[in-house]
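Here the structure comes first, spelled out in structure tokens, and everything after it is commentary.
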Amino acid sequence: MAELDTLRQWVADSDNIVFFGGAGCSTESGIPDFRSTDGLYHQQYDYPPETILSHSFYERNREEFWRFYRSRMLYLDAQPNAAHRKLAQWEAEGKLRAVITQNIDGLHQKAGSQNVLELHGSVLRNHCERCGRFYGVERILESQGVPRCQCGGTIKPDVVLYEESLDQDILERAVAAIAAAEVLIIGGTSLAVYPAAGLVRFYRGNKLVVINKTALPSAGADLTIQGAIGEVLGRL
């Protein structure tokens, strides 16, 4: 496959690769995405997932939010797949500078990646809204209803909900990494979620790689490979 050979050569020649990944990186680990045929948007709930996972819904209906969150957002038994492992390998070899992810599952770190910029936060981290005390995901699993802190305050997941702003520091670091990258690999994302998807415009190089199950004709890629991200990277 000529495209795979080209990607293999670009990776071999570079020590400044940045990866930008979406839900497709996690679906191969058994975590459903929202927008695919069998994703959360195509399942039946009292409210659409996008509504439940919004800041306004969280504020007015926390019991229902947490019921959905515990049952549909936590996949703690999921394991890294070939994509996560390859990216961690490249970082260890000094080739990959950063992983920028829209996912909230922590699988990149589980695979061994160190410099991971989580645009939408992580289900593994939670904080009390009153005193700021940190809680791991275990506290969420062992609690019922709305989880409470020792101080009596409510615990909130460190996940960016709809209607909430992205962390400005993470955003700036992502922009800097993309702007400085020699090779930018976009994998497993439809580039449909903004403002994260808009980060691609900061890339200034000529080795923009898009790897996705479905074609993304508007991405303006220098190299396009249609296929599952884990399968593709696993062949490198």
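Okay, residues lined up against (1) outside any helix (DSSP H, G or I); (2) touching a strand residue (DSSP E or B) at 6+ places or on another chain (Cβ under 8 Å); (3) over 25 Å from Val146 (Cβ atoms); (4) of a type in the set (Gly, Ala, Ser):
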residue: Phe57; (1), (2), (3), (4): no, no, no, no
residue: Ser71; (1), (2), (3), (4): no, no, no, yes
residue: Tyr75; (1), (2), (3), (4): yes, no, no, no
residue: His84; (1), (2), (3), (4): no, no, yes, no
residue: Leu87; (1), (2), (3), (4): no, yes, yes, no
residue: Trp90; (1), (2), (3), (4): no, yes, yes, no
residue: Gly94; (1), (2), (3), (4): yes, no, yes, yes
residue: Arg97; (1), (2), (3), (4): yes, yes, yes, no
residue: Gln109; (1), (2), (3), (4): no, yes, yes, no
Is segment 119-133 home to any residue that is within 18 Å of Asp15 (Cα to Cα) and touching a residue at least 12 places away in the same chain (Cβ under 8 Å)?
no
Restricting attention to segment 124-139, the residues that are part of a strand (DSSP E or B), farther than 16 Å from Trp66 by Cβ and over 19 Å from the mean Cα position of the chain (by Cα) number exactly 1
Taking segment 187-213 and keeping residues part of a helix (DSSP H, G or I) and under 21 Å from Leu124 (Cβ atoms) leaves Ala196
Among the residues of segment 187-221, the number that are at pLDDT below 95 and open to solvent by 50 Å² or more (accessible area, probe 1.4 Å) is 11
Taking segment 148-186 and keeping residues part of a loop (DSSP other than H, G, I, E, B) and either touching a helix residue (DSSP H, G or I) at 6+ places or on another chain (Cβ under 6 Å) or open to solvent by 50 Å² or more (accessible area, probe 1.4 Å) (or both) leaves Gln150, Cys151, Leu161, Glu163, Glu164, Ser165, Asp167, Glu182
So is Glu28 over 14 Å from Ala83 (Cβ atoms), modelled with pLDDT of 85 or more and surrounded by 15 or more Cβ atoms within 10 Å (Cβ to Cβ) or not? no
Counting only residues that are open to solvent by 50 Å² or more (accessible area, probe 1.4 Å) and over 16 Å from Glu129 (Cβ atoms), segment 44-62 contains a total of 6
#### Entry: Any hit, segment 117-133, residues being polar (S, T, N, Q), open to solvent by 30 Å² or more (accessible area, probe 1.4 Å), at pLDDT 95 or above and over 23 Å from Leu184 (Cβ atoms)
no
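The values are calculated or read from the model by the stated rules, or taken from the named source; none is laboratory data. This structure is a prediction, so every number in the text was calculated from the model and none was measured. Positions of Cβ are generated from backbone atoms using ideal geometry, with glycine treated the same way; all protein chains shown enter the neighbour counts. We work out accessible area using only protein heavy atoms, side chains counted, and drop any ligands, DNA or RNA first. Shrake-Rupley method; radii C 1.70, N 1.55, O 1.52, S 1.80 Å.
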